[in-house]
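The values are calculated or read from the model by the stated rules, or taken from the named source; none is laboratory data. Note that this is a predicted model, so its numbers are computed, not measured. A quick note on method: Cβ atoms are made from the backbone with ideal geometry, for glycine too, and the neighbour counts reach across all protein chains shown. To get the accessible areas, we keep the full protein, side chains included, count just its heavy atoms, and leave off ligands, DNA and RNA. Shrake-Rupley method; radii C 1.70, N 1.55, O 1.52, S 1.80 Å.
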Number of protein chains: 2
Amino acid sequence: VAIVKNDLYDYGLFIYQDDKRFKFSLDSILLAEFVNIDKNTKYIVDFCTGNAPVPLILSTKYAGNIVGIELQKYIYDLGCKSILTNKLNNRLELINDNIKNVNNYIESESVDIVTCNPPYFKYEKNSLINDNREKAIARHEIEMSLEDIMISARYILKNKGELYIVHRSDRLQEIVNVLSNYKFAIKKIQFVCTGGNVSNIVLIKAIKNGNYGSLKVFKEVDVSNVNTYKGIFG
Amino acid sequence: VAIVKNDLYDYGLFIYQDDKRFKFSLDSILLAEFVNIDKNTKYIVDFCTGNAPVPLILSTKYAGNIVGIELQKYIYDLGCKSILTNKLNNRLELINDNIKNVNNYIESESVDIVTCNPPYFKYEKNSLINDNREKAIARHEIEMSLEDIMISARYILKNKGELYIVHRSDRLQEIVNVLSNYKFAIKKIQFVCTGGNVSNIVLIKAIKNGNYGSLKVFKEVDVSNVNTYKGIFG
């Protein structure tokens, strides 16, 4: 395992990665950048936290507590090491479990913001999935579904609490449907293009028990030629 | 009533407008530009056709029949005059009725493409609506709702037929929900920005009884500084 300094260099942080087994993606940085934290924010939980890039970046924008949840022990261990190395263990904590069990750790209606960079791909019997089970679980909905995110986020979020999610644009219709089914009202959408003529990545901010209307779709951002993602959404 | 030549000048067409009572909007041009017509397309119906800008523009991309439906008699009459003036009455026809009654005019499962530029605003008892009833009906969901579009479009569209709709981006969540409820799968989304940092207009192509997946969100187009809309989506 090598400490890769440069990946979170812009934020003045170190992060443990494993070239062979797990590296965080651009999408986690975009998700952390997309989150608005105001003075009332006291408690943030990051689902599917991986090696904890989202908690680490959010710690530079916010002085409160952040909990990350990661199912896979090896990846969770990478995250724990990064938190210690960055001396953030006084306010960043990781839980090694499935987000479906979040009610065992976090009180209902106690959280201001939930963030999530989930596995992107549907899992079906015939899915072409990675031979490597660890990578497959990180990428495919094997251990959890979009519905599980909604159920667990609804449980821990305060009324009018905020859910931020990053996902693939090609699954937008399903994501919107599931959010609606669990009474999340979408307030902000940011599409991101990584080259070509389509937007691959979508960032969504939704409010628990919010009202429809006043949804803002922000001008698309093309990241194919940027040098830093820090402050990319202005 | 003045014949306004220039508004559809790029298409070599005349269109009757009425500065005081009804003029078509940019959004109708964008909708017509967004429609893909292939060699299998035999029958197109335009809901809420107004003074018929969408049928008129589509007639320049396609040699088949187009029917437009417009509830308001005065606006319908403007459309009929334009069709005659452009000598398109051999293949363009308008119906003066509510789209809810489409089954009185058009056979079920007979249509390849439905297009719709509907009233954009919700209508509630307390809505601030235009004093002018004609304008209010064109802008607010007084005589029809998003659900009515889906019910009528489902009725006349062939299996796997295409629904193209233009709407306000801030109602995206409701539009996606209603499409899903009536088993339309979204295949293409095009956001359009008319200035500022948000996308105001969304264009959606959805397929009756289609499968989720393979949704493409195209790179946003900013129309604030264009000279012509013709061919704007490449």
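A few comments on the model shown:
- Relative contact order of chain A, pairs being alpha-carbon contacts under 8 Å that are 6 or more residues apart, as %: 17 percent
- Considering helices alone, the calculated mean residue ellipticity of chain A at 222 nm is -7000 deg cm²/dmol, with DSSP H runs of length four and up weighted by -39500 (n - 2.57) and normalised per residue.
- Whether the range B:1-120 is rounded, prolate or oblate, judged on the alpha carbon gyration tensor where a/c under 1.5 counts as rounded: oblate
- Over the range A:160-234, the ratio between the Cα radius of gyration and 2.2 N^0.38 Å evaluates to 1.16.
- Solvent-free Debye scattering, log10 I(q)/I(0), computed from the Cα coordinates of the protein assembly as shown at q = 0.07, 0.09 Å⁻¹: -0.42, -0.66
- Rg and Dmax of the range A:105-204, based on Cα coordinates, read 14.6, 44 Å.
- Antiparallel bridges, percent of DSSP beta bridges restricted to chain A (to nearest 5): 45 percent
- Ellipsoid fit via the Cα gyration tensor, the range B:49-144: semi-axes of 26, 16, 11 Å, each the root of five times an eigenvalue, largest first.
- Using a 1.4 Å probe over protein heavy atoms, the accessible area lost on pairing B with A, summed over both chains, comes to approximately 2300 Å².
- Accessible surface of the protein assembly as shown, 1.4 Å probe, proportion on carbon and sulfur as whole %: 46 percent
- Loop-located trypsin sites (Lys or Arg not before Pro) in the range A:23-73, at most 12 other Cβ atoms within 10 Å (DSSP): A:K39
- P(r) histogram, all alpha-carbon pairs of chain B included - 5 Å bins from 0, percent: 1, 6, 15, 19, 21, 19, 13, 5, 1, 0
- Placing unit charges on each Cβ (+1 for Lys and Arg, -1 for Asp and Glu) gives chain A a dipole about its Cα centre, and among A:N40, A:F24, A:H167 the Cα reaching farthest toward its positive end belongs to A:N40.
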